[in-house]
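Each value in this text was obtained by applying a stated rule to the coordinates, not by laboratory testing. Note that this is a predicted model, so its numbers are computed, not measured. Positions of Cβ are generated from backbone atoms using ideal geometry, with glycine treated the same way; all protein chains shown enter the neighbour counts.
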Amino acid sequence: MRARPSLGLLRVMALAATTSIAPGCSGPPAPDAAICRDVIHRLCLPVRCPVVTATFAVGDPCELDLRARSGCGQDDFTFQEPLTRDRVLECRLVLLRAGLEMQQHPDCEDVAEMIEQCPDVTAFLGGQP
């Protein structure tokens, strides 16, 4: 079993990466709809983790179903209290352990950890713990 960084360590790593590359970045931040869609995409990538199917009661098309449930299928989607953009970004970090490329499938243990540690995001996407 490989050692996995804790969510706290991931936060520190993300902050360090952000501050070290920030001067080279340009353009506006990703819209909320894109962030939400990215989380959904990573959860629904084939071969879908069994915990996703069980938690969200989805079949195919998983992405379209979760986008409709969450509302982030709309281009003007924005996160609303109590679920904030920062919270979703924090929870998304666990899914990025596999890599930043959208087609890199997160490890199913990481997906399960995100679902467990982020019940607010899970509920927002229509999941039942």
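The residue list Leu64, Thr122, Leu83 was ranked by how far each Cα lies along the charge dipole of the stretch 30-124 toward its positive end, using unit charges on Cβ atoms, and Leu64 comes out on top.
For Asp76 and Ala54, a Förster radius of 25 Å and the Cβ-Cβ distance give a FRET efficiency of 0.20, rounded to the nearest 0.05. Which shape class, rounded, prolate or oblate, goes with the stretch 30-124 when its Cα gyration tensor gives a ≥ b ≥ c as root eigenvalues, a/c under 1.5 marks rounded, and past that a/b bigger than b/c marks prolate? It is rounded, given that a/c, with a ≥ b ≥ c, falls under 1.5. In sequence order, the stretch 100-112 has phi-based couplings of 8, 5, 4, 8, 7, 5, x, 4, 4, 5, 5, 4, 4 Hz under the Karplus curve 6.51 cos²θ - 1.76 cosθ + 1.60, θ = phi - 60°, and Gly or Pro positions carry x.
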